[in-house]
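What follows is a set of notes on a single structure, which appears directly below.
Any read-out appearing in this document is the output of simple, stated calculations on the displayed coordinates, not a laboratory observation. Note that the structure is predicted; figures quoted are calculated from it, not measured.
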Amino acid sequence: MKYKPEDYSIADTGFYGLADEDIDHYQEKLVKCRKVHTCMNCENEIPAGAYAIRETGFMDGSPVSAYTCIDCMDKWLDEINGEDE
């Protein structure tokens, strides 16, 4: 991780795919993955033991979740902080 853990908690910025009006009880959190997941942004594998942003909520009464890898978050934070190449 390039940034402090609290820097990854940015739900109000609109980066995440689940953060919209159709999602009830939306939450996001920095987590250490216990199993393999796919990044919703780059679609690469997030291995067990790696950190990721987990989003959860309910859409039409059914639970939904998505994961974003830290590499994608670091690139995005670099861009909004003016540190991109």
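Numerical summary
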| item | result |
| --- | --- |
| Extension gain from D60 to E83, taking 0.36 nm per residue of separation minus the Cα-Cα distance | 4.4 nm |
| Gain upon complete extension [E45, K2; 0.36 nm per residue less C-alpha separation] | 13.6 nm |
| Gyration tensor verdict on region 23-85 (Cα atoms; rounded if a/c is under 1.5, prolate if a/b is larger than b/c, oblate otherwise) | oblate |
